[in-house]
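Only one structure is covered here, and it is reproduced in the block below.
The values are calculated or read from the model by the stated rules, or taken from the named source; none is laboratory data. What you see is a predicted model; the values in this text were computed from it and never measured. Here the Cβ positions follow ideal geometry from the backbone for every residue, glycine too, while neighbour counts run over all protein chains shown. What goes into the accessible areas is simple: the full protein's heavy atoms, side chains included, and nothing from ligands, DNA or RNA. Shrake-Rupley method; radii C 1.70, N 1.55, O 1.52, S 1.80 Å.
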Amino acid sequence: MGFIAENLSTYVDGFLVTLRLTAVSGLLALVWGTVIAAFRVSPLRPLRAFGTVWTETLRNTPLTLVFFGMVFVAPQFGIIPPLGFWTAVICLATYTSAFVAEAVRSGINGVNVGQAEAARAIGLTFGQTLGNVILPQAIRSVIPPLINVLIALTKNTSVAAGFAVVELVATGRRLGVGNAAAGAWVLVGVAIFYLVLTIPLGILAARIERRVAFAR
Amino acid sequence: MSSVLYDAPGPLARRRETIGSVVGAIVLAGAIAGAIWYAAGNGVFAADHWDVLYDPPKGQSAGAVWSSMVVRGLGATLRAAALAAPLALVLGLVLAMMRTSHLAWLRVPAIGIIEVFRGLPVLLMMYFGLIGMGLDTYLAVAFGLTVYNMAVISEILRSGLAALPKGQTEAALALGLTRWQTLIIVQLPQAVRIMLPSLIAQLIVLLKDSSLGFIVGYPELLQSIKNNASYFGNDYYVALFTVGFVLFLAVNLSLSALARRVQRRTPGARQVVVAPAANGTGPAV
């Protein structure tokens, strides 16, 4: 335990990078995932097809493969991503957007059909029906699964450690290699910082879920 | 096509949709064509970027390249998953039984184990095996996959147990079965059955996560792509990556199809709303 206290500032540096990765890519994934979800329920076939291919492909691809493609393969197309933070953000946001889209879509499909029929009956357009009637209701049942996606994202930021971003796991690896005697304790320190994020978020998700279930 | 959002369209709406679909398809096709044209401009489709797959340079045979990726690369990926999956299932079952026990000394440690391992990245667990426990990379990868997935699987089984009608347990206890017998003979067989699709989905996650082995230095599929590319030249990355990508998609999509098939064939599986697990597992991420 003494080791963790001595190296606290190093841990906190890594923790802040993890936080920033989670926040920035989470925000981007939220926006883009919602757009993809709208594509998947739109009346236009090409948009639906695009949304389906996007989510199904990414959901069946390991995140490591997304990083690998971005870092090693994209340069072959003449796209040279700057190694580090922003490349990691792009990969994480792309990958997570598929899961956000699935969560939002199932929320949309969970709204009572009568709501949409009533909205159309009073003459609202597709955009208005979606924006003013369906989404505000869907959001409520979508929040708990979205928090779970966010928790998964928090853990997934660790993959960036393999691609030159010094976040929590990479920090732990450095400290662990430099202090072999401290061994497992170094990584226990890393674990604590992750749990500080993931366990409260999980409790929050469970609580919101119970309240929404009650309101329904 | 009818959904929450729109009725079956009338003639006017159908015409508008057709026009929209055609325009959308043209825009999409244009974007794809532009991307292909741009990629071709970088020489990505030239034969000297792809011949590694059928006539590799440096006097190597195509068979050697393919076997290095499919047999050794994908083989190593599957081997790690094949060790971790049964272990995670068995340990997950044990944890689920402990977690639902009415004995506090069994239940409390189970809750602790589940909550901790579910909240940690798989990669960290692999490093724990590697640095903390001094395992080799194969065992470290399998260790990381096992401890994370056993926690998730135990939660899946628990929600399966919770979804059973109360009458099942009550009837079993009324017949004079002990709690243990009730769990083993009555509850678990039903819980496993209704959660089978979720269990298969979790095994797909396990398989996907085995590619994290690349980061800890386990020689799996991605590593073999990288080795081939550094031996034959970076120009071959596109071809090699395409093969690896297709292999992953093929394995995962066929497992997904299996999950859907099982779901269709399992009576009662659809009625159970698979509640997003409370702590950070949720959908198969």
Seminar exercise, completed: Filter the stretch A:126-139 for residues that are surrounded by fewer than 21 Cβ atoms within 10 Å (Cβ to Cβ) and closer than 24 Å to A:S25 by Cβ; the one that is farthest from the chain's Cα centre (by Cα) is A:L135
For this session: Would you check which residues across the stretch A:102-120 are surrounded by fewer than 18 Cβ atoms within 10 Å (Cβ to Cβ) and assigned to a helix (DSSP H, G or I) and list them?
Result: A:S106, A:N109, A:V113, A:G114, A:Q115, A:E117, A:A118, A:R120
Seminar exercise, completed: Scanning the stretch A:91-110 for residues that are under 19 Å from A:L130 (Cα atoms) and either touching a Phe, Trp or Tyr at 6+ places or on another chain (Cβ under 7 Å) or not small (G, A, S) (or both) gives A:V100, A:E102, A:V104, A:R105, A:I108, A:N109
For this session: Evaluate the following for A:T57: is it within 10 Å of chain B (Cβ to nearest Cβ), assigned to a helix (DSSP H, G or I) and over 24 Å from B:L249 (Cβ atoms)?
Result: no
For this session: Tell me which residues, restricted to the stretch B:142-188, are of a type in the set (D, E, K, R) and either farther than 16 Å from B:A96 by Cβ or outside the structural domain of B:S210 (by TED's automatic domain parsing) (or both).
Result: B:K166, B:E170
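One line per residue, one yes/no per condition, for (1) buried (at least 22 other Cβ atoms within 10 Å of the Cβ); (2) under 25 Å from the mean Cα position of the chain (by Cα); (3) of a type in the set (A, V, I, L, M):
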site	(1), (2), (3)
B:M150	yes, yes, yes
B:A171	no, no, yes
B:T178	no, no, no
B:I184	no, no, yes
B:Q202	yes, yes, no
B:G213	yes, yes, no
B:A229	no, no, yes
B:T242	no, yes, no
Seminar exercise, completed: A:A191 vs (1) surrounded by 20 or more Cβ atoms within 10 Å (Cβ to Cβ); (2) closer than 30 Å to A:V41 by Cβ: all pass except (2)
Exercise. Only one of (1) touching a Lys or Arg at 6+ places or on another chain (Cβ under 7 Å); (2) surrounded by 15 or more Cβ atoms within 10 Å (Cβ to Cβ); (3) aliphatic (A, V, I, L, M) is not met by B:I111, so which one is it?
Worked result: (2)
For this session: Go through the stretch A:28-56 and count every residue that is open to solvent by less than 40 Å² (accessible area, probe 1.4 Å), under 16 Å from the mean Cα position of the chain (by Cα) and of a type in the set (S, T, N, Q).
Result: 1
Exercise. Where residues in the stretch B:18-59 are in contact with a helix residue (DSSP H, G or I) (Cβ under 8 Å, 6 or more places away or on another chain) and of a type in the set (S, T, N, Q), which of them is least open to solvent (accessible area, probe 1.4 Å)?
Worked result: B:S21
Exercise. In this structure, does B:A40 turn out to be within 14 Å of another protein chain (Cβ to nearest Cβ), in a helix (DSSP H, G or I) and at pLDDT below 80?
Worked result: yes
Problem set entry | Among (1) more than 10 Å from chain A (Cβ to nearest Cβ); (2) at pLDDT below 85 - the single one B:V192 does not satisfy | (2)
Seminar exercise, completed: The lone condition A:I208 fails out of (1) among the β-branched types (V, I, T); (2) at pLDDT 85 or above; (3) within 20 Å of A:V100 (Cα to Cα); (4) open to solvent by 40 Å² or more (accessible area, probe 1.4 Å) is (2)
Seminar exercise, completed: Picking from A:A170, A:A164, A:A182, A:A191, the residue that is more than 25 Å from A:S141 (Cα to Cα) and free of Cβ contacts under 8 Å to residues at least 40 places away in the same chain would be A:A191
Exercise. Of the residues in the stretch B:112-166, how many are more than 21 Å from A:L168 (Cα to Cα) and part of a helix (DSSP H, G or I)?
Worked result: 23
